[in-house]
Structures are given as structure tokens and as C-alpha cells.
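Single-structure report; data block below.
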Amino acid sequence: MIDYLLSGFGAAFSMSVFPILVFGVLGGVILGALPGLTATMGVAILLPFTFGMEPTPALVMLIGVYIGGIYGGSVAAILLKTPGTPASAASVLDGHTMAIKGFAARALSVAAVASFIGGLISTVVLIAIAPILADFALRFNAPEYFALAIFGLTIIASVSAKSIMKGLLAGTIGLLVAMVGLDPITSVPRFTFGIMDLYSGINIIPVLIGLFAISEALNQLEKLSKNKQEVTPKFNYKLLSFLDFKKILPTTIKSGLIGTSIGSVPGAGADISAFVCYNEAKRVAAKPEEFGNGSICGLAAAESGNNGVTGGSLVPLLTLGVPGDAVSAVLLGALIVQGLTPGPLLFTQNPEIVYGIFSSMIVANIVMLIIGLIGIRFFCRIIEVPKMLMIPIIIFLSIIGAYAINNSMFDVGIAISFGLLGFILNKLEIPSSPILLAIILGPMAETNLRKSLMMYEGSWSFLYDRPIALAFILLAAFSVYSTMKFKKREKEREGKK
């Protein structure tokens, strides 16, 4: 294995592969930073260009786009409160708050370092225990997926700012939106009102763009209309200090491991991982009240968690031939195009390609860190762009991003509608994150609950008969209890003041 890894590092740094890897990572960062242009889209766009390439450089370029794209989403999330990808939605909670306070460079450097550590951990775990994690992933069936979704939905209480009731209201809106389309079991249309575009459901990307990008542009436009004198935001270029690094390191390592585990479960992507890791970091924090107010640990947890998925999602792909998420599904196509069959035989028949991918992932994470840190001074200039110029650019990019998903004006309408909804909810101090979380996890919970009930002939015994499902249900209960206890303590503290 060591020989193959060293050979892989040699290939990664060769002149025929390294420039392609750098191009992939840089392209991924740029794509990830643009609203709507996800890592999945970037990999899919570049897939046809790999048809005439050798297997190693072709796969290295696509993996570079994947790694760069997941990190790139944090740039727009931190600076503009506009997550470039769904995986960066959790990074808005603390990252943008830090940017508002003048610590944009510090936030971007925390995101870059946490992304690097999370990605590195996931790659090391992928190399060391891929077969073990694959066996763990194989144990997941409908009951386990349902329990995982329920655990994820309990995070709504954690990200509900001051009012849990408002968070639950937002979560309910998200669940209602998730129900639009054909019933996942019976294919009966629900809330479609005869509109053919709604039969396939409401795509998450236009919703994300609307709730975060367009609503934020409308908020900024309102502020400008009230205050004609635009104030240029003040910030320094100070990056994270050694003390910051020491503070975030335990959280980053833990979140990287959690992200890798979640990534190894087919269907559980970087967006779910980011929120789960954020919630876990907040639960064990000495000062949980800092989360949502510019906590570097909160930002580090979200970024390490979503980048931890990059290696984890390749575990079922390479060992079982089952894609862990949408990006690895595109990578599965790339492997097949190259004449490679994912699965256990890949490790024995083409070990040089497998370990070449592993080595290149380590190099890609290092390149991503360098690009992220070098680019901070350039990224921060975005804040200095006058709002009157920036707002039309954000709206334009949002509309282009929404349209590009399916080449559909209907998706543009969805993005604008949710932009208006997000603007109104902001006025009512109702958080938007629970809506997104419920849209992501709602279908997963509903589909797998109904499958579980069919498997057990209407019995709910699967909740306690299956150890992994039971563990997630207990974690969900503990998550709700700890959040309620924290909210109660916070109210008591405010009452004393």
C-alpha cells in the first residue's frame, strides 16, 4: 500500500497531472463561490472533457473540482450571506456574522484551514479503513435512514436563534415544500395544482438561492433606501492566530470524523453533515451562546464537516460501486467511461489508479488550502464593492444560477418567490435555515419511514429492534433535551440581567 501511495504522489506531482489538478481545484473554488453552480454541476460539466484522457489525470481533475467546489461555497456564504452550495448553508450562521463585525479575513482563513483538515482526515480514513466503513454503510436500510433523518431534523431547534417556536414554524414550511410533487411510494401528485413543473418536486438549489441570496439582496436594498449614505465596511486582513487554531482544532478533527462517517452513508451529503457537525459542536461547547454570533468553532465545525464528506462519499463508491452522493454518482460515470469497474476488484485489478486517487486527494486538499489562504486578500475586496453595484450582480448571478440547473424559467420563479419569502421571514425574525434543513431531510424521513413500516408490516418495532436506528433515535432525543436545557438557561440568564 505504501509503495502504491508513493507512486501515486509521484504521479500527482508529475507535469502531466499536477497542472490539471490545480486547474480542477481552482475551477471548483470559483464554481462553488457562484450561487447555484454546485460542485456536482462543475464535475458534470467537465466530465465530457475527460473522455479522451488517461484515467488518473481525468479522475484527479474531477476530484479536484469536487474538493475545491465544497470549499468555494464558503467564500460567498461568509462574505455575502449567499451560500455558493447547499453544503455551505451552515457556514452562513457564524461566518457572515464574523464578516459583518470586520473579521472577514479571519473567517475565510478559519474556513480554509477547517476545510483542509476535514478533507485531509476524510482522505486518511478513506485510505486506512475504507472496507470497514463500507461494511458500516451496508448496514443502513430504511429504518436507519429514517432515524438519521429524524436526528438531523432535531437540529432545527438548535439553529432556531432565540425562538424555538419560530424555528419549528420555519421547519414546518420546509416540510410542506418538501411534500410538493409525486408521492415517493404511490406516485400520487401532491400540491401540484395541475402544474407539470411541480410534478418532479421543488428543486433545492432555487430555494437555497432565493432564501439566502435574493432575500439578502432585498434586505441590503431596503437598508440603502433608508440610508442613502453608504458606509464602507471596515475590516482588517488579520488571519486566524495560533490561539484560534488551537481553539478550533479539537472541533475540526471531531467534525472531520463525523463528516467522513456521514459521507460513507449513501444518500447523506455534505449539507446534512455540515448541520449535524455544527449542532454537535454547539452541544458540547463551553459557551454555546456564541454560536450564531460569530463563533470560529461553529464555522470550523460546519466547514470541516462538509469537507469530511469528500473522502467519505468515495468509500461506498470505490469499495461497493454505490455512489455516496450526487458528485460521486458523476464520478461513477467517469470510472465506467474509463473502463474501470468500481467495487472490491478495483483494489486488486487497478491498485495504481485507486491509490493514485488517494494521493491526489491529499495533494488537492493542500492546493485548496494554499489557494484559499492566498485568495483571502482578493476575496475580501468583494466587501469593498459598493452595495449599489453588488446588489444587481448578486441578483443577476442568482437568476443565472437558478436558470442553469434545468434551463427553466420556472426555477427562476421559484428562486424569486423564496427570495420574497425569505425577506418577509427576516422581518418577522423567523430563521431561514430550518426551512432548508427540512426540505433536505423531509423526503428522506418520509420515504424511509413508509418503507420501514412496509418492511415491518405496520409495526414500529424497527425503532428499537435495530441498534443503529435506536442509537440515532437516542441521539435525537438527547439533542432536543440539551437544546431545550440550553434555551431555558439562556432565558434565566437574560431574566437576571
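When Gly422 is tested against the conditions (1) in a helix (DSSP H, G or I); (2) open to solvent by 20 Å² or more (accessible area, probe 1.4 Å); (3) in contact (Cβ under 8 Å) with a residue 60 or more places away in the chain, the lone failure is (2). Looking across region 344-376 at every residue that is surrounded by fewer than 17 Cβ atoms within 10 Å (Cβ to Cβ) and within 20 Å of Leu59 (Cα to Cα), the one that is modelled with the highest pLDDT is identified as Ile366.
Cβ separations smaller than 9 Å between residues 6+ apart or across chains give the following pairs from region 284-306 residues that are within 14 Å of Phe103 (Cβ to Cβ) and open to solvent by 30 Å² or more (accessible area, probe 1.4 Å) to residues that are of a type in the set (Val, Ile, Thr) and at pLDDT below 90: Asn293/Thr97.
When Lys101, Lys81 are checked against the criterion of being open to solvent by 10 Å² or more (accessible area, probe 1.4 Å), basic (Lys, Arg) and under 16 Å from the mean Cα position of the chain (by Cα), Lys81 stands alone in meeting it. Across region 59-69, not a single residue is classified as touching a Cys at 6+ places or on another chain (Cβ under 7 Å) and buried (at least 24 other Cβ atoms within 10 Å of the Cβ). In a helix (DSSP H, G or I), closer than 19 Å to Leu421 by Cβ and open to solvent by less than 70 Å² (accessible area, probe 1.4 Å): is that true of Leu221 in this structure? No.
Considering only residues in region 402-437 that are farther than 19 Å from Leu176 by Cβ and small (Gly, Ala, Ser), the one that is farthest from the chain's Cα centre (by Cα) turns out to be Ser408. Selection over region 459-470 of residues that are open to solvent by less than 50 Å² (accessible area, probe 1.4 Å) and in a helix (DSSP H, G or I) gives a count of 4. Filtered by the rule that a residue be in contact (Cβ under 8 Å) with a residue 40 or more places away in the chain and either small (Gly, Ala, Ser) or in contact with a Lys or Arg (Cβ under 6 Å, 6 or more places away or on another chain) (or both), region 213-226 gives Ala213, Ser215, Glu216, Ala217, Gln220, Leu224. Taken over region 34-52, the criterion of being among the hydrophobic types (A, V, I, L, M, F, W, C), in contact (Cβ under 8 Å) with a residue 60 or more places away in the chain and in a helix (DSSP H, G or I) is satisfied by Ala39, Met41, Val43, Ala44, Leu47. From the list Ser225, Ser200, Ser215, pick out the single residue that is over 16 Å from Gly174 (Cβ atoms), within 26 Å of the chain's Cα centre (by Cα) and among the polar types (S, T, N, Q). Matching residue, one of Ser225, Ser200, Ser215: Ser200.
Which residues, taken from region 248-265, are open to solvent by 10 Å² or more (accessible area, probe 1.4 Å) and either at pLDDT 90 or above or part of a loop (DSSP other than H, G, I, E, B) (or both)? Leu249, Pro250, Thr251, Ile253, Lys254, Leu257, Ile258 - these are the residues of region 248-265 that are open to solvent by 10 Å² or more (accessible area, probe 1.4 Å) and either at pLDDT 90 or above or part of a loop (DSSP other than H, G, I, E, B) (or both).
Of all the criteria given as (1) modelled with pLDDT of 80 or more; (2) part of a loop (DSSP other than H, G, I, E, B), the one not satisfied by Ala268 is (1).
Counting the residues of region 224-247 that are at pLDDT below 85 and not in a loop (DSSP other than H, G, I, E, B) gives 3.
Reported count of residues in region 377-394, each being open to solvent by less than 70 Å² (accessible area, probe 1.4 Å) and either at pLDDT 85 or above or among the basic types (Lys, Arg) (or both), is 1. May I ask you to verify whether Leu79 is in a helix (DSSP H, G or I), touching a Cys at 6+ places or on another chain (Cβ under 9 Å) and in contact (Cβ under 8 Å) with a residue 60 or more places away in the chain? Spelling it out, Leu79 is indeed in a helix (DSSP H, G or I), touching a Cys at 6+ places or on another chain (Cβ under 9 Å) and in contact (Cβ under 8 Å) with a residue 60 or more places away in the chain.
Annotation note: Cβ proximity below 6 Å between a residue of region 1-28 that is among the aromatic types (Phe, Trp, Tyr) and a residue that is in a helix (DSSP H, G or I) (sequence gap 6+ or interchain) occurs for Tyr4/Pro351; Tyr4/Tyr355; Phe9/Ser359. Checking region 45-65 against the condition returns a match, with at least one residue being of a type in the set (Asp, Glu) and either over 21 Å from Ala300 (Cβ atoms) or modelled with pLDDT under 85 (or both).
The values are calculated or read from the model by the stated rules, or taken from the named source; none is laboratory data. Just so you know, these numbers come straight off a predicted model, no measurement behind them. Glycine also receives a Cβ, built like all others from the backbone with ideal geometry; neighbour counts cover every protein chain displayed. Accessible surface is based on the protein model in full, side chains and every heavy atom, while ligands, DNA and RNA are left aside. Shrake-Rupley method; radii C 1.70, N 1.55, O 1.52, S 1.80 Å.
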